[in-house]
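Taking it in order: structure first as structure tokens, then the write-up.
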Amino acid sequence: MINKPLIEEIRERIPISSFIGERVTLKKAGRNFKGLCPFHSEKTSSFIVSDEKQIFHCFGCGEGGDVFRFLMKFDNISFIEAVKQLASLAGITIPEDNKFARREDAELEKKRELFFRLNKVAAEFFSKNLESGESSDKVRKYLNERGIKTEFFKQLLLGATDNNWEALTTELKRIKAPLDMAAELGLIRVRANGTYYDFFRSRLIFPIVSQRGEIIGFGGRALEDGEDAKYINSPDSIIYNKSSSVYGLESAHRDIRLKDAVILVEGYFDVVSLKLSGIENVVAPLGTAITVSHLRLLSRFSKNMILIFDGDDAGVNAALRSLPLFVEQKLIPKAVLLPRGEDPDTMIQKEGKEKFLHRIESAVTLFEFFIDRIASKCGKDTSAKVEAVTKVGKLYNLLTDPVEKSIYRKRLSQALGLDENVVGERLGDSRGRIEIRSFEKRKIVESSPISAERLLIESLLRDTGKMRDVFSQIEVETFQDEWCRNIASIMQGVSEKNEKSTLTDLLDEVENEELIGEIRDLAFGEEWDEEELTGVIVDCMEIMKKRPEKEHLNMISKKLKEAQESGDHELVLSLLKEKSFLKRQSLTN
């Protein structure tokens, strides 16, 4: 059962725009705030945040909700974790026995905690095996040869496994751990006959740790020849997603904030080597390439990113493939290209920390590197230069900062030996726009009572504080439109519980996700001033109150016509009197 007073107190203490504004760049837009949605890729802002309504909503992808929903989605955590974090931020202590979650949330949280415990057991098992396992001599020797001394094994949380197919499985059985859960995590696998075997075998193990210090997964490097894959990783689970996780964040995030810069490298050993040399603000995105989710995660700590990539073609191409993602996220990363055949691990050991940092300090932006790379392949060939401008233009027209565009335009013209004005004319500055959807205010006409119903609902979503007054005068049964009647019923229930209802009070009572999205859509419609909004509500209520009289008059008119056609003069006279009386009564009301 959700403890509603606790949830409301947290909402009141944490302005949603301030909380989201620390993670997403927001700009004032009337009574609301606007920015680029952190949950999908977009070039024009469609993400709206309202302190007044205590919610956010994206007109692009439809995501939205209150501050709890934002944190759950942004950090990929459960409702219970979001409540705990926000309560701590708000300075609110939650009693140990406080039952503030729904059953399904509590069950999910229990499963997540079990997964973390299982990973911790596995990490301790792998670590112990690296330190003292007889069969791990080869792993220890390999690490020492790469400059990683034994005293650093624990600091780096490194581990090892031998070729035993059931070493970890046996340990999990010994402590009576649920093997089906361990299999879901990817620590072990199940055979066709239902028995289990270890997933990580004959490997150096790199635990993947979240910012909060929880072990969310593992990476395993093969040391034996003939292995199918050099690296294997934990599968995605409710606690781990490789496309939105990075290696080394737990020990790097404080230094990233301190230096206001994050260094991105390609592999586990690159991170380890730089950290051991004293460069702490370094991480490696997991998966085969940098994703939007990686950038959104790291942007929470710093917008300044430095990509260090190997000098071979694969490293260069990987870096350039990520450029559109940075552009869409309005980030300006720098690029460090190492000599051919080198990687950060080998380079730091050859030239040391100071020279390596000098490479970073003298780095150009990734967009400039992209321009130089394309221009270098053109030579004096005219058609190649035209093609180069076209290629650059595809990304150039996604840029929004005029200063940034000016710098890149000048760089491209110099690199190609062309007049800057000509290059600028060829590039153009047009770019597609995504307009935020808005709802035009409809005129209220007495011939359209259903429109009045919908406009009344829409008006109350803009000012939920008026719900109690409206539903003290209008019965839910008055609504003929089913959609309006459903929302009106929820509104009436909420207004009876709360003297001044908020939009979050209303949304808390709605279970249908599609309806929740529609409500948020309408709530963030065109802004009306208070006087205009009050007038619209009064007019809508007046139309709905008069509807029964109007329907009665229509019914009398129909009967009157039938009586006239049948020649029943007595009935005609009676109906005319009734119609006249109703009209006079309507005028006096």
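The values are calculated or read from the model by the stated rules, or taken from the named source; none is laboratory data. Model, not experiment: these values are computed from the prediction. We place every Cβ from the backbone using ideal geometry, glycine too, and count neighbours over all the protein chains shown.
May I ask you to verify whether residue 208 is over 24 Å from residue 146 (Cα atoms) and either at pLDDT 90 or above or out of contact with any Lys or Arg (no Cβ under 9 Å at 6 or more places or on another chain) (or both)? So residue 208 does not fit the description; no. Note on the stretch 1-28: residues that are under 27 Å from residue 500 (Cα atoms) and exposed (fewer than 15 other Cβ atoms within 10 Å of the Cβ) amount to 10. Looking at this structure, is residue 286 within 21 Å of residue 23 (Cα to Cα), surrounded by 18 or more Cβ atoms within 10 Å (Cβ to Cβ) and aliphatic (A, V, I, L, M)? So residue 286 does not fit the description; no.
Considering the stretch 563-589 alone, what residues qualify as being modelled with pLDDT of 70 or more, surrounded by 13 or more Cβ atoms within 10 Å (Cβ to Cβ) and assigned to a helix (DSSP H, G or I)? Spell out how you get there, then give the answer.
Start the filter on the stretch 563-589 by keeping residues that are modelled with pLDDT of 70 or more, which leaves 563-571, 573-574, 576.
Checking the rest, the ones that are also surrounded by 13 or more Cβ atoms within 10 Å (Cβ to Cβ) come to 563-564, 568, 571, 574, 576.
Scanning the stretch 563-589 gives 563, 564, 571, 574, 576.
Go through the stretch 38-70 and give me each residue that's of a type in the set (Phe, Trp, Tyr) and touching a residue at least 24 places away in the same chain (Cβ under 8 Å). Listed by number, the residues that qualify are 39, 56, 59, 68, 70. Screening residue 281 against (1) within 26 Å of residue 36 (Cβ to Cβ); (2) among the polar types (S, T, N, Q); (3) over 22 Å from the mean Cα position of the chain (by Cα); (4) surrounded by fewer than 19 Cβ atoms within 10 Å (Cβ to Cβ) leaves a single unmet condition, (4). Filtered by the rule that a residue be in contact with a Ser or Thr (Cβ under 8 Å, 6 or more places away or on another chain) and over 24 Å from residue 7 (Cα atoms), the stretch 44-60 gives 59, 60. Restricting attention to the stretch 358-371, the residues being surrounded by 15 or more Cβ atoms within 10 Å (Cβ to Cβ) and in a helix (DSSP H, G or I) number 7. Screening the stretch 103-185 for helices (runs of 4 or more DSSP H) wholly inside it with 2 or more residues that are more than 32 Å from the chain's Cα centre (by Cα), in the same structural domain as residue 202 (by TED's automatic domain parsing) and surrounded by fewer than 18 Cβ atoms within 10 Å (Cβ to Cβ) returns the ranges 103-132, 137-145, 167-174.
When the residues of the stretch 232-250 are narrowed to those that are in a helix (DSSP H, G or I) and touching a Gly at 6+ places or on another chain (Cβ under 7 Å), which ends up farthest from residue 184 (Cα to Cα)? Before the answer, list the steps.
Quick first cut of the stretch 232-250, residues in a helix (DSSP H, G or I) only: 242-244, 249-250.
Remaining after also requiring touching a Gly at 6+ places or on another chain (Cβ under 7 Å): 242-243, 250.
Working: 242: 15, 243: 18, 250: 24 Å.
In this case the residue turns out to be 250.
Residue by residue through the stretch 29-40, note down the ones that are surrounded by 15 or more Cβ atoms within 10 Å (Cβ to Cβ) and assigned to a loop (DSSP other than H, G, I, E, B). Scanning the stretch 29-40 gives 36, 37, 38, 39. Scanning the stretch 418-470 for residues that are part of a loop (DSSP other than H, G, I, E, B) and modelled with pLDDT of 50 or more gives 418, 419, 428, 463.
Residue-by-condition table, conditions (1) among the acidic types (Asp, Glu); (2) within 23 Å of residue 318 (Cα to Cα); (3) in a helix (DSSP H, G or I):
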{"residue": "354", "(1), (2), (3)": "yes, no, yes"}
{"residue": "380", "(1), (2), (3)": "no, no, no"}
{"residue": "383", "(1), (2), (3)": "no, no, yes"}
{"residue": "398", "(1), (2), (3)": "no, yes, no"}
{"residue": "406", "(1), (2), (3)": "no, no, yes"}
